[in-house]
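The values are calculated or read from the model by the stated rules, or taken from the named source; none is laboratory data. All values reported here derive from a predicted model rather than from experimental measurement. For neighbour counting, all protein chains shown are included, and Cβ atoms are generated from backbone atoms with ideal geometry for every residue, glycine included.
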Amino acid sequence: MPCPPPSGRPRPCTPPSSSPSLQSGPYRQHDEVAAVAGNPRNGRPYRTLCARQRSLGLPCWICGQDIPYEITGPEAGRHPAAFTLDHLVPLSKGGDLLDPANARSAHRRCNSRRGNRLTVRTPGTSRRW
Ligand SMILES: [Zn+2]
């Protein structure tokens with residue numbers, strides 16, 4: 001059985017980088033990178049993760065109650081029952097801010113009450129039978 005001829009043509013058409021002014025200004029940094037360096041929660045990956053987690057419509061993983069997802073905008077910033085993105089492993093314990101597997105949906109009040117503790121008291125599951 002003959003091998004098919006390699007069809008990979010070398011592509012000479014990579015555009016020449018036309019950015020001679022890259023180093024022209026003192027603040028010529030990539031905006032996103034600068035934002036992430038300052039506060040990762042302002043970065044787009046984090047907001048995307050928030051939106052994705054919110055779209056799952058899950059109940060609060062701490063208390064098990066439904067989350068009123070209709071609360072959005074400025075009100076969600078102070079409403080105790082509003083959706084917040086919590087992390088299974090807190091960031092202070094080495095959890096990944098941007099890992100979807102580490103993301104959990106939580107009420108604002110539950111999230112802040114839990115703080116940085118790793119263990120969560122779930123009613124009814126305190127004993128193993
Ligand atoms: Zn809750």
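Below are the figures for this structure:
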{"quantity": "Close pairs (8 angstrom Cβ cut-off, 6 or more residues apart or separate chains): within 12 Å of ALA106 (Cβ to Cβ) in region 69-91, at pLDDT 95 or above and exposed (fewer than 11 other Cβ atoms within 10 Å of the Cβ) anywhere", "calculated": "LEU88/ALA101"}
{"quantity": "Residues of region 85-116 that turn out to be within 11 Å of the ligand (Cβ to nearest atom) and over 15 Å from CYS50 (Cβ atoms), as a count", "calculated": "5"}
{"quantity": "Residue match in region 24-42 (condition: surrounded by 10 or more Cβ atoms within 10 Å (Cβ to Cβ), at pLDDT 60 or above, under 19 Å from SER112 (Cα atoms) and in contact with an Asp or Glu (Cβ under 8 Å, 6 or more places away or on another chain))", "calculated": "no"}
{"quantity": "Subset of region 38-84 that is closer than 23 Å to LEU98 by Cβ and among the charged types (D, E, K, R) - its residue that is nearest to the ligand (Cβ to nearest atom)", "calculated": "ARG54"}
